[in-house]
Amino acid sequence: MSPLILSAAGAALLLDASGPGLPRVCHFGAGLGTPDGAELAPALASLAAAPPLLPAQGDGWYGRPGLAGSRDGEHWPVRWALERVDTSAAPGAGGTVRVAAADERAGLALVSELAMDAGGLVTLRHTVTNTGATPYRLAGLACALPVPARAAELLDFTGRWALEKVPQRRAFGHGVWARESRRGRTGHDATGLLVAGTPGFGFGAGEVWAVHAGWSGDHVHYAERLQEGAALLAAGELPEPGEIVLAPGEGYSTPLVYFAWSGEGLDGASARLHDHLRAARPLPVRPVTLNNWEATYFDHGLDRLLELAGRAAAAGVERFVLDDGWFRHRRHDRAGLGDWYVDEDVWPGGLHPLAERVRALGMQFGLWFEPEMVNPDSDLARAHPDWILGRAERTPPPQRNQQTLDLARPEAYAYLLERLDALVTEYALDYIKWDHNRDIAEPVHDGVPGVHAQTLATYRLLDELRRRHPGLEIESCSSGGARVDYGILARTDRVWTSDSNDALDRQAIQRWTGLLVPPERMGAHVGAPLDHVTGRALPLAFRAGTALFGHMGVEWDLTSASEAELEELAAWIALHKRLRPVLHAGRVVRADHPDPSALLHGVVLPERAVFGYVQLTSRAESAPAPLRLPGLDPAARYEVRVAGPVPAGAAMPAWAAGPVRLPGAALAGPGLPAPALRPTSVLVIEVERV
């Protein structure tokens, strides 16, 4: 068989299926200049060390095996015999490859499904089926693609509650660099993306290769380079011993794993990911959202909430979300989780008076839930202690005064589905904020580790709820950004990026989360003047200018705001609405700006673009570095103007006084003179093709 090529949008993947075993991935990267694999056959001799689609020692791979497992306490090294390869590909438009293989002695069959979409993003999934007569204990199954020797530097991310996606870099030498998460959810410290690139790669420069596991439970991302020279990026689920046992005839499929190559730095890889997600789940216009949490916490006095709703509507808010505290016994965070009935003492008329007023004001109505969790001090836990995920003889250690419900238990699943369905129906909910506020410790379901079953049950619950209510939108919140992945985003409409609304921290959190998640799916709210997490005081213009570039919202007690503050907030919301068609549809670009005290980023469509110039801290130099606007057509001419308010105390250059027209090449090359901004300032710049 001639070598197989998948190609699209300047990217290509080359498979050699000429041998008896699994096809070898000979190239994943830049386009190859030909759709004819046979033309490339002479070059394959130099790629003999290329790893197969599922690396194993029998194929000469002496690193981590792609498949690990055992049967009856015995280990059978797998040697796959290729059975068939089915392809559907159009030159330059991507395509699919389906590979079937088996090892009769090991009692296993394999199906590998590889696809490249029209934007050049690659997805890979393996399915292993037990064809033997005894159970097969699966210890791991990862999806991997090779990277070349020039990919000599790694980027991944760590973080914590209220400070997610902190970047860290290192050299990509020999051995394994692995990022494992065993928290039962994606995790605040989850890398999200693992990136390999040419040394010094940036947002707009260098070659990069990135991998992402679309899975919301325990998982692993790793990079490995062998002394023979071969290297790869890989990701997959991270099962515990005994968690996945395949009976004869049963199969296991990996989560979908995403691979992106770019010859234009991180922004190029990010664009492929964003385009894929947008094509898979198109969204309607994203309403500006107010969440009452930091405004009222557990104080659910109706008069106060009605006043808050009135002020929100006057400022231009389009959706009102009632957060934690509306259900039975929930006067604090130590009781009530699981009792999903409106608290009759707090809401004697139900939620109808609030919901009706919110809709009369022209806003949608949403509600907070944390379905997967339960407080021991709840009617549900007292009635069904056996529904807690863990061993009956020893309750798992608590976090935040709560335990995890075993959603893989049919009775618990049925209860949650009934309660959620009933409440969505009764109040015609437009929106659910779906929270998950703890790591899952010691998860045991029917005597075996339970994260795998719990994750699949959560997906089923979300999918069924959406099937019953097709117009319902769901936000994935998990103590902020602890469940941000393409597994959850396949069935939700946005993520809550962080529990911190501190705009200074948010600039970095949103910048790096945004590599994976497009702006319209990143919740970004205008917080209080004094941030509730960090205690930092920040000006409204900076808070609003930071939220402007995401799915904008408000999390601030507007009943305490002055008339001047409300007018200023309304102006920022109006600006967001005007720019929303660009902000939520364009390509995200981030300049490799030379000044570490400032950021320059934007969103670009062919005809329009919006940029934000952000002064984070004080400059080391007296003159700010020029603004070189990335992503524009160098041959086109653009009109550039300031959008929104000029930051207080700014020394503005001459071009800001009125529109200036320049070629895209000039705007990206020498650039524009930058204003001298005070720390914690944002200048919004609008660019339009003429």
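Which residue, of Arg169, Arg150, Arg182, Arg160, is free of Cβ contacts under 8 Å to residues at least 24 places away in the same chain and either touching a helix residue (DSSP H, G or I) at 6+ places or on another chain (Cβ under 6 Å) or open to solvent by 30 Å² or more (accessible area, probe 1.4 Å) (or both)?
On the way: Arg150 fails: free of Cβ contacts under 8 Å to residues at least 24 places away in the same chain; Arg182 fails: free of Cβ contacts under 8 Å to residues at least 24 places away in the same chain; Arg160 fails: free of Cβ contacts under 8 Å to residues at least 24 places away in the same chain.
On inspection, the qualifying residue turns out to be Arg169.
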Ala196: passes all of (1) farther than 26 Å from His601 by Cβ; (2) outside any loop (DSSP other than H, G, I, E, B) but (1)
Residue hits (the stretch 58-95; farther than 18 Å from Cys26 by Cβ, outside any loop (DSSP other than H, G, I, E, B) and open to solvent by less than 80 Å² (accessible area, probe 1.4 Å)) are Gly58, Leu67, Ala68, Gly69, Ser70, Arg71, Ala81, Asp86, Ser88, Ala93
Among (1) surrounded by 15 or more Cβ atoms within 10 Å (Cβ to Cβ); (2) more than 18 Å from Asp267 (Cα to Cα); (3) over 26 Å from the mean Cα position of the chain (by Cα), Arg628 falls short only on (2)
Per the filter on the stretch 75-97, residues farther than 18 Å from Leu141 by Cα and either of a type in the set (Val, Ile, Thr) or free of Cβ contacts under 8 Å to residues at least 60 places away in the same chain (or both) are Glu83, Arg84, Val85, Asp86, Thr87, Ser88, Ala90, Thr96, Val97
Taking the stretch 384-432 and the residues there that are closer than 20 Å to Pro353 by Cα and of a type in the set (Gly, Ala, Ser), the one that is most open to solvent (accessible area, probe 1.4 Å) would be Ala428
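Could you tell me how many of the residues in the stretch 551-581 are in a helix (DSSP H, G or I) and among the polar types (S, T, N, Q)?
Residues of the stretch 551-581 that are in a helix (DSSP H, G or I), as a first pass: 558-560, 563-581.
With among the polar types (S, T, N, Q) added as a condition, the list becomes 559-560.
Here the count works out to 2.
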Flagged in the stretch 312-326 as over 29 Å from the mean Cα position of the chain (by Cα) and either more than 17 Å from Asn291 (Cα to Cα) or surrounded by fewer than 23 Cβ atoms within 10 Å (Cβ to Cβ) (or both), in numbering order, are Ala313, Ala314
Given (1) buried (at least 18 other Cβ atoms within 10 Å of the Cβ); (2) assigned to a strand (DSSP E or B), Thr127 misses just (1)
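Considering the stretch 642-667 alone, what residues qualify as being of a type in the set (Lys, Arg) and either part of a loop (DSSP other than H, G, I, E, B) or open to solvent by less than 40 Å² (accessible area, probe 1.4 Å) (or both)?
Start the filter on the stretch 642-667 by keeping residues that are of a type in the set (Lys, Arg), which leaves 661.
Hits for the stretch 642-667: nothing passes.
Would you say Gly204 is closer than 20 Å to Asp267 by Cα and part of a loop (DSSP other than H, G, I, E, B)? Even if it seems obvious, please write down each step before you answer.
Values: closer than 20 Å to Asp267 by Cα: yes; part of a loop (DSSP other than H, G, I, E, B): yes.
Yes; evaluated as a whole, the condition is true for this residue.
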Listed by range, strands (runs of 3 or more DSSP E) wholly within the stretch 239-311 having at least 3 residues that are open to solvent by 20 Å² or more (accessible area, probe 1.4 Å) and among the charged types (D, E, K, R) are none
Residue check for Ala335: in contact with a helix residue (DSSP H, G or I) (Cβ under 9 Å, 6 or more places away or on another chain) and open to solvent by less than 10 Å² (accessible area, probe 1.4 Å): no
Within the stretch 40-77, of all residues that are in contact with a Lys or Arg (Cβ under 8 Å, 6 or more places away or on another chain), closer than 15 Å to Gly229 by Cα and of a type in the set (A, V, I, L, M), the one modelled with the highest pLDDT is Ala50
Residue pairs qualifying under the 7 Å Cβ cut-off, at least six apart or on distinct chains, with the first in the stretch 1-28 being at positive phi and at pLDDT below 90 and the second being assigned to a loop (DSSP other than H, G, I, E, B) and charged (D, E, K, R), are none
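Let's see how each residue does on (1) outside any loop (DSSP other than H, G, I, E, B); (2) exposed (fewer than 15 other Cβ atoms within 10 Å of the Cβ); (3) in contact with a Phe, Trp or Tyr (Cβ under 9 Å, 6 or more places away or on another chain); (4) of a type in the set (S, T, N, Q):
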{"residue": "Val610", "(1), (2), (3), (4)": "yes, no, yes, no"}
{"residue": "Tyr613", "(1), (2), (3), (4)": "yes, no, no, no"}
{"residue": "Thr617", "(1), (2), (3), (4)": "no, yes, no, yes"}
{"residue": "Ala623", "(1), (2), (3), (4)": "no, yes, no, no"}
{"residue": "Leu632", "(1), (2), (3), (4)": "no, no, yes, no"}
{"residue": "Val640", "(1), (2), (3), (4)": "yes, no, yes, no"}
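The values are calculated or read from the model by the stated rules, or taken from the named source; none is laboratory data. As the structure is a prediction and not an experimental result, all values here were calculated from the model. Note that we place each Cβ from the backbone using ideal geometry, even for glycine, and neighbour counts take in every protein chain shown. Only protein heavy atoms, including side chains, enter the accessible area calculation; ligands, DNA and RNA are left aside. Shrake-Rupley method; radii C 1.70, N 1.55, O 1.52, S 1.80 Å.
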